[in-house]
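No lab work stands behind these numbers, since they all come straight from the coordinates. Nothing here was measured: the structure is a model prediction, and the numbers come from that model. Here the Cβ positions follow ideal geometry from the backbone for every residue, glycine too, while neighbour counts run over all protein chains shown.
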Amino acid sequence: MKTQVAIWAGKIIGVLSRALGHGGSTIPGIVARKLDAKFLRHSRSIAKTIFYITGTNGKTTTANLISHLLQTAGQSVMTNREGSNMVTGLSACLVQSAPLIGWKKYDVAVLEVDEASLPNAIAECPSDYLLITNFFRDQLDRYGEIDLLIKKMKDSLKYFAGNFIINADDPFSNRFSNLKKDNIYVGLNAHAYPFDSYLMTESRYCPNCQNELSYSSVHYGHLGHYHCTCGFKRPETTFAAEKVFNDKKGIRLVIDDEEYPTTFKGLYNAYNVLFAIQACQALDVKPDVLRKGLMTYQNSKGRMQEFLVNGKVWRLNLVKNPAGGNVTLSEYFEGDETKLLMFCLNDNLADGEDISWIWDIDMELANRDELELFIASGTRAHDAALRMKYTGFPEKKIIILPDMNEAVLYAKRFESPTYIMATYTCLSPMISILSKEAEKENKGDSNLETSTIPLLSRYTQSVWRQGKYYLLKKAMRMEGDFSTSRRNQKPK
Ligand SMILES: [Zn+2]
């Protein structure tokens, strides 16, 4: 009864909070937990199988992809949204998913769990599977706190009876290996892809003996095939991508001789895809279903999200730590077409108030002739500009516009595609600015948002897919009055 009251109270507060204009994503959880302190344990009553996904990078994408693939396979899935990955957020998700009376059985709960919240989540409701994606030092962790965090997490998992799915290529994640036998290890085979050899900002020291690790193959950051003189080494994978290809349409993985094309941009997504496929295979989802799901998956907001404004492409990616910055730059500078780079840097609590981490991003990757302009924006625009200046990039090509609206207006003057790196609290405003711009132009002339791409002619679609963005304006003009044709073809 106590639980039922907690659910009702949570639901009522949730409705009130939304009515009052507060997002209130975690408030129902807070209320439910006031009435039932270990409320999260009821996750077990609502879902047959529970996945927790934790780690520094890729949690959200991996969780969203697993949910999508399972839904494609016809399973009912309960999942939490990004930002609601602490115990209160997980509890809020449970309140929202629960029916008014009794428990609805979902087939699966796919829950992204903040690393620091994992011990509490495990104590209240141990999952069936725990996916550990990776650990990267982020903006808040520059003084060895990552070791403390991993130790706390391990302590909470001493009696964990579920299955670990661990990133074999990450020495930090490997530290969970000795908790249990028969772990599932995912990773990329040596030289699965010729990754750029850019700076490794991560520490590459053995967690056992503190000696420097040796690598026979490096993917990026500290991920790769490592070993130490003390015997600590990358475990043999149980599930590996033999090859990764970076096609224009998206990355493509070869696993157990099966090909998996995806819509993902960005090689670092190979790990997210690998984890998701492994998780689904644990529930017997067949390769054909997985392939279908991978091709129908839409990127999470702000994850290599594309917009079409002013007849050119704008690509937006969240960057929250040096490793993420490096892979984003590497992706952005994959081709040698001219481009604009925008770095939106805020220093709010959610971004990390200490922004010194930007000095660990290998911004030198962006100091190239094809970079027409570097625009620094956000509350710490000046710091972003200074970082770029130190790469030796010409000062006259660095523009500082703290206001993101102004930054977008400025970038609109140029024909080259604009690639944007945004810290956490810059992301939502930037999505809304670009969406509004795209919408505004949609009404008047031949511009459109990514979601309208399927409505284009086959020729324009092919121009888009091949990445020949400079031809887009022309292609769309050839289509005639786009706004009319779009109206006619408007799907239900
Ligand atoms: Zn060692």
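By how many nm would the segment from LEU179 to ALA282 lengthen if fully extended, with 0.36 nm per residue of separation less the alpha-carbon distance? Numbers along the way, then the final one.
Values: separation 103, 0.36 × 103 = 37.08 nm, distance 2.02 nm.
Residue separation times 0.36 nm, minus the Cα-Cα distance, leaves 35.1 nm.
Evaluate E = 1/(1 + (r/R0)^6) for ARG204 and ASN405, where r is the Cβ-Cβ distance and R0 equals 51 Å; express this FRET efficiency to the nearest 0.05. List each step's numbers first, then the result.
Details: r = 41 Å, r/R0 = 0.81.
The formula returns an efficiency of 0.80 here.
Using a ≥ b ≥ c from the Cα gyration tensor of segment 149-251 (square roots of the eigenvalues), is it rounded, prolate or oblate, where a/c under 1.5 gives rounded and otherwise the larger of a/b and b/c decides, a/b for prolate?
Numbers: a/c = 2.06, a/b = 1.36, b/c = 1.51.
Here segment 149-251 falls in the oblate category.
Between ASN348 and PHE414, 0.36 nm times their residue separation minus their Cα-Cα distance comes to what?
Numbers: separation 66, 0.36 × 66 = 23.76 nm, distance 3.00 nm.
This chain segment gains 20.8 nm when fully extended.
Taking the highest mean first, how do the peptides 371-384, 47-60 order by number of other beta carbon atoms within 10 angstrom per residue? Write out the running numbers ahead of the final one.
Values: 371-384: 22.2, 47-60: 23.9.
Highest mean packing first, the order is 47-60, 371-384.
Amide H of ILE400: which non-local residues (sequence gap of 5 or more, or other chain) have their own amide H closer than 5 Å, using H built in the peptide plane?
ALA376
Packing-wise, with mean Cβ within 10 Å as the measure, how do 116-127, 257-268 rank, highest first? Numbers along the way, then the final one.
Numbers: 116-127: 20.0, 257-268: 18.5.
The densest-packed peptide leads the list: 116-127, 257-268.
Please work out the FRET efficiency for the pair ASP257 and HIS382, using the Cβ-Cβ distance as r and a Förster radius of 45 Å; give the result to the nearest 0.05.
Working: r = 52 Å, r/R0 = 1.16.
So the FRET efficiency works out to roughly 0.30.
Figure the gain on full extension for SER76 and ILE12 (residue separation times 0.36 nm, minus the Cα-Cα span) and round it to one decimal in nm. Mind dumping the intermediate values first?
On the way: separation 64, 0.36 × 64 = 23.04 nm, distance 2.46 nm.
Length gained between SER76 and ILE12: 20.6 nm.
Excluding PRO126 itself, what net charge comes from residues whose Cβ is under 13 Å from its Cβ, given Lys and Arg +1 and Asp and Glu -1?
On the way: positive: LYS38, ARG41, ARG44, LYS158, LYS180; negative: GLU124, ASP128.
Cβ neighbours under 13 Å give a net charge of +3.
Add -39500 (n - 2.57) for each DSSP H run of 4 or more in the chain, then divide by its residues: what number comes out at 222 nm, to the nearest 500 deg cm²/dmol?
Working: 16 runs with 172 residues, N = 492.
One gets -10500 deg cm²/dmol as the mean residue ellipticity at 222 nm.
Please give the FRET efficiency for LYS389 paired with ARG44, using the beta carbon to beta carbon distance and R0 = 51 Å, rounded to the nearest 0.05. Don't skip to the end; give the middle numbers.
Numbers: r = 54 Å, r/R0 = 1.07.
My answer for the efficiency is 0.40.
Would you please give the residues with an amide H less than 5 Å from that of THR49, counting only those at least 5 places away or on a separate chain, with H modeled from the backbone geometry?
Residues meeting the amide H criterion: VAL108, ALA109.
Take the alpha carbon gyration tensor of segment 305-444, find the square roots of its eigenvalues, order them as a ≥ b ≥ c, and report rounded if a/c is under 1.5; if not, report prolate when a/b exceeds b/c, else oblate. Could the numbers behind the result be given before it?
Details: a/c = 1.64, a/b = 1.23, b/c = 1.33.
Note, shape of segment 305-444 comes out oblate.
In the chain, what cysteines have no partner Cβ closer than 4.7 Å?
Cysteines lacking a close Cβ partner in the chain: CYS93, CYS125, CYS280.
Where does each of CYS228, CYS209 land when they are ranked from fewest to most other beta-carbon atoms within 10 angstrom?
On the way: CYS228 18, CYS209 12.
So the ranking, lowest neighbour count to highest, is CYS209, CYS228.
How far apart, in nm, are two points set 7 Å out from the Cα along the Cα-to-Cβ line at SER356 and at LYS154?
2.7 nm
Along Cα→Cβ, 7 Å out, is where each label goes; now give me the distance between the ones at ASP336 and LYS396 in nm to one decimal.
That separation, rounded to one decimal, is 2.4 nm.
Give the long-range amide H neighbours of ASN134: residues separated by 5 or more places, or on another chain, with amide H under 5 Å away, using H modelled in the peptide plane at 1.01 Å from N.
The list, which skips near neighbours in sequence, is THR56, ASN57.
If you restrict to DSSP beta bridges whose two residues both lie in the chain, what percentage is antiparallel, to the nearest 5? Intermediate results must be reported in sequence, preceding the final value.
Numbers: 21 of 63 bridges.
In the chain, DSSP labels about 35 percent of beta bridges as antiparallel.
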